[in-house]
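Shown next, in structure tokens, is the structure this report addresses.
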Amino acid sequence: MANLVGSKVERKEDKRFLTGKGQYTADINLVHQTYACFVRSPHARAKINKIDIAKASSAPGVVKILTGDDLAKDKIGGLIAGWKIVSQDGKDMKVPPHPPLAKDSVNYVGDHVAIVIAETLEQAKNAAELVNVSYKIQKAVVKTEDAMNSDAIYEGIDRNLCFDFLLGDKGKTDEALSKADKVVKLDLINNRLIPNAMEPRASIGDYNPSSEQLTLYTTNQNPHLTRLVLSAFNAIAPEHKFRVVAPDVGGGFGSKIYPYAEDAVVAWASKKIERPVKWVAERSESFLSDCHGRDHITHVELGIKNDGKMTALKVETIANIGAYASLFATVTPTYLYAPLVIGLYDIPVASCNVKAVFTNTAPVDAYRGAGRPEAAFLIERIVTEGAKEIGMDQAEFRKKNFINKFPHQQCLIHNIDSGDYAAHLDKALEVGDYKNFENRRTQSAKKGKLRGIGFSTYIEACGIAPSAVVMSIGAGVGLWESAEVRFNATGNVSVFTGAHSHGQGHETTFAQIVGDRLGVAIENIDVIHGDTDKGPFGMGTYGSRSLAVGGTAIAKACDKIIEKGKKVAAHMLEGKPEDIEFKAGEFVLKNSNKKKTIGEIAFACYLPGQYGEIKSPLPTGVEPGLKETAFYDPVNFSFPAGTHICEVEVDQDTGETKVAKYTAVDDFGTIINPMIVEGQVYGGLAQGIGQALYENGHYDESGQLTTASYMDYTMPRADNFPQFKLDFTTTPATSNPLGAKGCGEAGAIAAPPAVMNAVIDAVGTDVSMPATAEKVWNALKKKGTKKVAA
Amino acid sequence: MKNFNFKSATNSKEASKLASGRATFLAGGMSLLPAMKLRLAAYTDLINIKKIKTLSGIKVSSKSLRIGATTTHSLVSNSKEVGKSIPSLAVLADGIGDPQVRNRGTIGGSIANNDPAADYPSACLALNATIHTSKRKISADKFFKGMFETDLKKGELIESVEFEIPEKSAYAKYPNPASRYAVVGVYVAKLKNEVRVAVTGAASCVFRSKELEASLSNNFSASVIDSINISAKGLNSDIHASAEYRAHIIKVMAKKAVSSC
Ligand SMILES: Cc1cc2nc3c(=O)[nH]c(=O)nc-3n(C[C@H](O)[C@H](O)[C@H](O)COP(=O)(O)OP(=O)(O)OC[C@H]3O[C@@H](n4cnc5c(N)ncnc54)[C@H](O)[C@@H]3O)c2cc1C
């Protein structure tokens, strides 16, 4: 059988997606179903004087209207922050209560105030307009930079400060900076992004009063954790009476990791009215109430010696986490960010201080890359400025400072197992035809365009994460993964994973792994995920962890199958288990021509008795059936890295920037399916370039989201991109048996600094993200950049 | 969206009669339906005018090009007659929205809506158009009154738009990167008796640029534009572009338009 791993196997799931047969939450309709509409706050910050539901309750078709008071009466808990961060002064972070329906105050536009449930969606919406909420409007805290100098939004949270976190040794860093020959300083903004998954969020609560079972169908990246959180903290239902199903999910990018208020409320409401309650977000609700991403303000200083060696890095960041601390909101700008601010460079000392602040804006949480794009942006921006300052070529300066011995214990946290950074840099220089850049610059100038080039040699940490490590730094759960490989009697295989696919193509990639390990044809393997009633508890998909952690669990379960198969085969072939070799789907007795296929073994395992001629195949002590479960707790993070080189052309008249050429050479460790990996890189690049040039979540001074639709929020489109040039280098991860490092976020991490470095190279002065035409035009004006002659 | 009655008219008269009370015309629905879906607008009756045969079609004479109100953007952009007589108009139509929008959206709907960032209003002003309605003829100069506001009276139906065929003309659009409507669109036309320059997207309503018209009347060439001062006063300032930037882009687009004439 040909190797499946490493080949471009077509995605098994695409047939149903491309023919419109996907089963998304919104496609599910249940008997006796009701429809929900949420009443949301139109104000960024207000006290609730009174919620009058009298008129709305008597509107046609209304089944029930519930508010925060009803939640409190039923003792339904608030949404939680899942990761405890400790401030420099040793004190725990401060988080406000986050009731799924507002109790006394609302804290961002879109905050949930009431749920209106009716027989039809139109009736629910009509009645929602009649819910009369009397607000006392208060002055909103909107801007990241103002938060610490504004009135406290919540009692007891001074300066709106959630925590003041420090990683690294600040004293030593300052000392090293004072001794450096040159210190480069930058002030950076990492703009707020709105995730915009193609499928808006949706949830259906379905309570069965007979079995007392509650089912929640929801657009979620990790149904098991959602069930755990909603059971343990929100008291929606005990875990054994609670099933969470995340069917086909149309993109998440982090925004669907967490249980949201709507999930808790429709599940609880369904229990109360003993009917299914369905809610599907409209796009405008997604803009307002999906967790947003990024939103940092950062000051960074880099110390360099005259010979080009970097000596120290100091980072000070204010991270806006919005109105409430969402599930991963506190880890994203700390442990997912701070350890990586030194990038893939051998910088001996560094410190990173992060102050997380509350504002009256939508909660900010993990978004594709989660902390790592913010880290890559600052280090790749300042390294670029550093090279200019020292007068070295961008590639040479980077090479001089690369980590080049592995494993490498960096000065912050990570122990980096493997990599070859010069390899991907060299390959990118070649693939991107670096040596002829100046010719291309001249060609662009002939068209009257300014051409710039930008580098990004990034690293990220994926495959989260060793449970003991993460729990020692505040995680509320361990981040292992589970798998169950179930041979059916007829020889086909059902694979259950705790990871969740919402665009990643697990049904294919995981089947490739199983197919190769067990020697089963890929069409006879089904990967099942997204239903807490089916597979074992798992931790879901985010942080490019599915393959490195979930894939490894699957591989381990396969190994257990083979081990048991050997015992059974030995018994059937009248040999010893240690003399059985398993290869390409066959158990072969050494030094003989006796063998059994894995299908025969599976069949035998399910027929342990005597049947005609067939004697029981099972040796004594071996249980019937062929099904194995494995839980895998990773021993380390994995560290994908790569070099991206971007070239842009800037129109001098309008300031418009176009990406003219983009080269990405990534090291993702072992690649299972190159086609899927390329797809992941393409998508990540689109998001990363989107952040650099187009996207911006913007609130006005009163806290209204002014980019709450595609009329105003610039989603990049296909015509914004050139054909990307992709290539790969490979250093397998040593931390997992697959050698996989993760690829899902790389594009979104690497692209923003590559693009911005190119823009700044073209313009000749700093520009903040997104580099909109007007900003670039202003920068050109201010700088007085000489016009190239057309 | 709130429920409404859907009625189809077969002629202009019937359409006007049906459009009483909280009723309105429905053409392509590309502007009306999103507003209703977002509950920014609600009507008891929508009067479908796409069944009125006489409202769709393109006619050229030696002096003018007449486009029926329900003619879609894609028909205009692909029309041989338009391509020959006023190619810039075909270019404009081809730059509206995406193929789905162009296959449904109509010229009548676009100008009746008078979105400050819409493209067609600039063509009407620059090409000295006459708007033929169920009641009268209105010159484009009098038609566009303000943001989403026109001279149309309740129940008055646009039947066709008649454009003067220019000697030369061109439209240059600087699209909003998010919506792809015009941040600034400049339509330049050298007509038999005058030069007209209409600007859309930049202010609360499409307008004619006196400064550009004066200079270009003297010398119809891109080079004269550099020395013109376009004031930012009265121009829109929003998250997409400041008034100063718009003023600058008016010049850039005007140059581009004149150069491609
Ligand atoms: C995604 C998207 C992108 C778009 N991009 C652009 C763009 O780039 N540039 C641009 O200019 N436009 C753009 N549009 C708007 C598009 O051109 C619409 O088609 C147009 O504005 C309205 O035309 P309609 O036929 O759809 O009118 P409808 O939506 O049916 O009607 C609009 C209004 O006009 C009235 N009306 C319609 N026909 C008549 C008539 N004959 N007489 C009197 N009143 C009438 C209706 O009662 C209603 O009030 C875009 C629209 C969408 C959805």
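The values are calculated or read from the model by the stated rules, or taken from the named source; none is laboratory data. Everything numeric in this text was worked out from a predicted model, so none of it was measured. No Cβ is skipped: glycine too gets one built from the backbone with ideal geometry, and neighbour counts run over all protein chains shown. For accessibility, only protein heavy atoms count, side chains too; no ligands or nucleic acids. Shrake-Rupley method; radii C 1.70, N 1.55, O 1.52, S 1.80 Å.
Using heavy atoms of the protein chains and a probe of 1.4 Å, the accessible area assigned to A:ILE157 is about 10 Å². Based on every Cα atom in region A:545-609, Rg and the maximum pairwise Cα distance Dmax equal 13.2, 42 Å.
So, with +1 on the Cβ of K and R and -1 on the Cβ of D and E, and no other charges, what is the size of the charge dipole of region A:480-632 about its Cα centre, to the nearest 20 debye? Numbers along the way, then the final one.
Numbers: 17 positive and 19 negative charges, 76 e Å.
Result for region A:480-632 is approximately 360 debye, rounded to the nearest 20.
Interface residues of region B:22-60, defined as a loss of at least 50 Å² in heavy-atom accessible area between the chain alone and the complex of all protein chains with a 1.4 Å probe, are B:ARG39. Taken one residue at a time, the phi angles of region A:245-256 give Karplus couplings (6.51, -1.76, 1.60, θ = phi - 60°) of 10, 10, x, 4, 10, x, x, x, 6, x, 5, 10 Hz. Gly and Pro are set to x.
Out of the DSSP beta bridges found with both residues in the protein assembly as shown, what percent are antiparallel (nearest 5)?
Working: 139 of 172 bridges.
Here the antiparallel bridges make up roughly 80 percent for the protein assembly as shown.
Rolling a 1.4 angstrom probe over the protein heavy atoms with all chains in place gives chain A an accessible area of 37 Å² per residue.
Across region B:239-255, rounded Karplus estimates of 3J(HN,Hα) from the backbone phi angles (6.51 cos²θ - 1.76 cosθ + 1.60, θ = phi - 60°) give 5, 8, 6, 7, 4, 4, 5, 4, 4, 5, 5, 4, 5, 4, 6, 4, 4 Hz, Gly and Pro being marked x.
Residue by residue, what Karplus-based ³J(HN,Hα) values in Hz, rounded to whole numbers, does region B:138-146 have, using 6.51, -1.76 and 1.60 with θ = phi - 60° and x for Gly and Pro? Values per residue, Gly and Pro as x: 10, 7, 4, 4, 9, 6, 8, 9, x Hz.
Chain pair B, A: how much accessible area is buried, both chains summed, with a 1.4 Å probe, in Å² to 100? Working shown, then result.
Numbers: alone 12650 and 29790 Å², together 40590 Å².
Accessible area lost upon association: around 1800 Å².
Comparing Cα centroids, region B:22-67 and region A:323-375 end up 51 angstrom apart. The accessible area of A:HIS224, taken with all protein chains in place and a 1.4 Å probe, comes to roughly 10 Å². In this Cβ point-charge picture (+1 for Lys and Arg, -1 for Asp and Glu), region B:168-260 has a dipole of about 280 debye about its Cα centre. Taking all protein chains as shown and a probe of 1.4 angstrom, B:CYS261 keeps an accessible surface of around 50 Å².
Counting each DSSP H run of 4 or more residues in the protein assembly as shown as -39500 (n - 2.57), what helix-only mean residue ellipticity at 222 nm follows after dividing by all residues, to the nearest 500 deg cm²/dmol?
Numbers: 30 runs with 291 residues, N = 1051.
That comes out to -8000 deg cm²/dmol.
About its Cα centre, what dipole magnitude does the protein assembly as shown give when the only charges are +1 on Lys and Arg Cβ and -1 on Asp and Glu Cβ, stated in debye to the nearest 20?
Computed charge dipole of the protein assembly as shown: roughly 3200 debye.
In whole percents, the pair-distance distribution calculated for region B:168-260 from its alpha-carbon pairs, binned every 5 Å from zero, is 3, 15, 28, 27, 16, 8, 3, 1. A dipole drawn for the protein assembly as shown from +1 and -1 charges on Cβ atoms has a positive end, and of A:PHE163, A:HIS32, A:SER735 the residue lying farthest that way is A:HIS32.
D by Stokes-Einstein for region A:122-183, Kirkwood Rh over Cα pairs, 25 °C, 0.890 mPa s: 146 µm²/s. Note on region A:480-632: dipole from Cβ charges, positive end direction compared against A:PHE582, A:SER592, A:ALA553; the farthest Cα belongs to A:SER592. Each Cα pair under 8 Å and six or more residues apart adds its separation to the average, and for region A:671-719 the resulting relative contact order is 30 percent.
Which percent, to the nearest 5, of DSSP beta bridges fully inside region A:480-632 are antiparallel?
Working: 19 of 23 bridges.
Once the DSSP bridges in region A:480-632 are tallied, antiparallel ones form about 85 percent.
What percent of all Cα-Cα pairs in region A:225-322 falls into each 5 Å bin, going from 0 up to the bin containing the maximum distance? Per 5 Å bin, starting at zero, the Cα-Cα P(r) for region A:225-322 comes out as 2, 9, 14, 16, 13, 10, 7, 6, 6, 5, 4, 3, 2, 1, 0 percent. The relative contact order of region A:61-169, computed from alpha carbon pairs under 8 Å that lie at least 6 residues apart in sequence, is 33 percent. When the Cα positions of A:VAL650, A:LEU693, A:THR361 are compared along the charge dipole of chain A, A:VAL650 comes out farthest toward the positive end, with charges on each C-beta of Lys, Arg, Asp and Glu.
Taking B:VAL184, B:VAL76, B:VAL224 in turn, the Gaussian network model of chain B (Cα-Cα springs below 10 Å) assigns the largest fluctuation to B:VAL224. At a probe radius of 1.4 angstrom, the accessible area of chain B per residue rounds to 45 square angstrom. Counting Cα-Cα pairs of chain A in 20 Å increments starting at 0 gives whole-percent bin shares of 16, 46, 31, 7, 0.
Taking every C-alpha pair closer than 8 Å and separated by at least 6 residues, the mean separation divided by the residue count of region B:75-186 gives a relative contact order of 26 percent.
Buried on complex formation within region A:756-778 (loss of at least 40 square angstrom of accessible surface versus the isolated chain, 1.4 Å probe, ligands and nucleic acids ignored): A:GLU774, A:TRP777.
Here the Kirkwood formula, the inverse mean of 1/r across different C-alpha pairs, assigns region A:480-632 a hydrodynamic radius of 15.8 Å.
Leaving out ligands, DNA and RNA, what percent of the accessible area of the protein assembly as shown is carbon and sulfur, probe 1.4 Å?
Numbers: 20700 of 40590 Å².
Answer for the protein assembly as shown: carbon and sulfur cover 51 percent of the accessible area.
Burial of accessible area (probe 1.4 Å, heavy atoms of protein chains only) in region A:120-149, relative to its chain alone, reaches at least 10 Å² for A:GLU122, A:LYS125, A:ASN126, A:GLU129.
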